[in-house]
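The structure under discussion appears below in the form of structure tokens.
The values are calculated or read from the model by the stated rules, or taken from the named source; none is laboratory data. Everything numeric here is computed off the predicted structure, so don't read it as measured data. For neighbour counting, all protein chains shown are included, and Cβ atoms are generated from backbone atoms with ideal geometry for every residue, glycine included. Note: areas computed on protein heavy atoms with side chains; ligands, DNA, RNA excluded. Shrake-Rupley method; radii C 1.70, N 1.55, O 1.52, S 1.80 Å.
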Amino acid sequence: MEIERKFLIDKGNLPENLQSYPFHKIEQGYLSTQPVVRIRKEDDTYYLTYKSKGLMAREEYNLPLTKESYEHMKPKADGIIISKTRYLIPEKNGLTIELDVFDAPYEGLYLAEVEFTSKEAAISYTPPAWFGKDVTQSGEYQNSTLSLGKR
């Protein structure tokens, strides 16, 4: 079960030392958006992911892929291939902020996600002051929606 909250971040509020945090280069495409079936390249690792319906909480299953399988499926993806850099920023209580800095065509979009072990922890979470609008309950900022170019 994936339980997460998602927030918009204003460029002026990004951490000053962003480049000092560990990060991953991510490229992903969607073979289906309902249900979500995604292929992802994260650095040199490849995955096929299934996600059930939901906004804050949903089932998620990851299966390993080879580079060849990923490259074979990539042209079959619907819509936009999303490219982004994901920074991993330590947060209070052992949590991690995953800050996504998007490349074109979504350059200038910054989203922070925080994953939790329970719905109660997610609901009671108080985000840091540099976070912007909570968009957890809006499907508009799900990557599967972004892949359709509907933003």
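Going through the range 125-151 one residue at a time, which ones are of a type in the set (Val, Ile, Thr) and either more than 13 Å from the chain's Cα centre (by Cα) or not in a loop (DSSP other than H, G, I, E, B) (or both)?
Of everything in the range 125-151, those that are of a type in the set (Val, Ile, Thr) and either more than 13 Å from the chain's Cα centre (by Cα) or not in a loop (DSSP other than H, G, I, E, B) (or both) turn out to be Thr126, Thr145.
Quick one: Glu60 ticks every box in (1) in contact with a Lys or Arg (Cβ under 6 Å, 6 or more places away or on another chain); (2) surrounded by fewer than 17 Cβ atoms within 10 Å (Cβ to Cβ); (3) of a type in the set (D, E, K, R); (4) closer than 18 Å to Gly132 by Cβ except a single one, so which number is it?
Failed condition: (4).
Answer yes or no as to whether Ala122 is among the small types (Gly, Ala, Ser), over 11 Å from the mean Cα position of the chain (by Cα) and open to solvent by 30 Å² or more (accessible area, probe 1.4 Å).
no
Quick test for you: out of Leu48, Leu55, pick the one residue that is assigned to a loop (DSSP other than H, G, I, E, B) and either farther than 23 Å from Val135 by Cα or open to solvent by 30 Å² or more (accessible area, probe 1.4 Å) (or both).
Leu55
Any residue at all in the range 103-121 that is outside any strand (DSSP E or B), more than 18 Å from Ile9 (Cβ to Cβ) and of a type in the set (Lys, Arg)?
For the range 103-121, residues outside any strand (DSSP E or B), more than 18 Å from Ile9 (Cβ to Cβ) and of a type in the set (Lys, Arg): present.
Name every residue in the range 27-45 that is open to solvent by less than 50 Å² (accessible area, probe 1.4 Å) and either touching a residue at least 60 places away in the same chain (Cβ under 8 Å) or β-branched (Val, Ile, Thr) (or both), in order of residue number.
Gln28, Gly29, Tyr30, Thr33, Val36, Val37, Arg38, Ile39
Scan the range 1-17 and report the pairs whose first residue is under 14 Å from Lys133 (Cβ atoms) and aliphatic (A, V, I, L, M) and whose second residue is crowded, with 16+ Cβ neighbours inside 10 Å and modelled with pLDDT of 95 or more, with Cβ atoms within less than 6 Å and a gap of 6+ or a chain change.
Once the first residue is under 14 Å from Lys133 (Cβ atoms) and aliphatic (A, V, I, L, M) and sits in the range 1-17, its partners that are crowded, with 16+ Cβ neighbours inside 10 Å and modelled with pLDDT of 95 or more give Leu8/Val135; Ile9/Tyr110; Ile9/Ala112.
Could you please tell me which pairs satisfy a Cβ distance under 9 Å, a separation of 6+ or placement on different chains, a first residue in the range 76-105 that is at positive phi, and a second residue that is open to solvent by 20 Å² or more (accessible area, probe 1.4 Å) and in a helix (DSSP H, G or I)?
Asn93/Ala121
Pull up the range 106-119, narrow it to residues that are touching a residue at least 24 places away in the same chain (Cβ under 8 Å) and not hydrophobic (A, V, I, L, M, F, W, C), then point me to the one that is most open to solvent (accessible area, probe 1.4 Å).
Taking the candidates together, the pick is Thr117.
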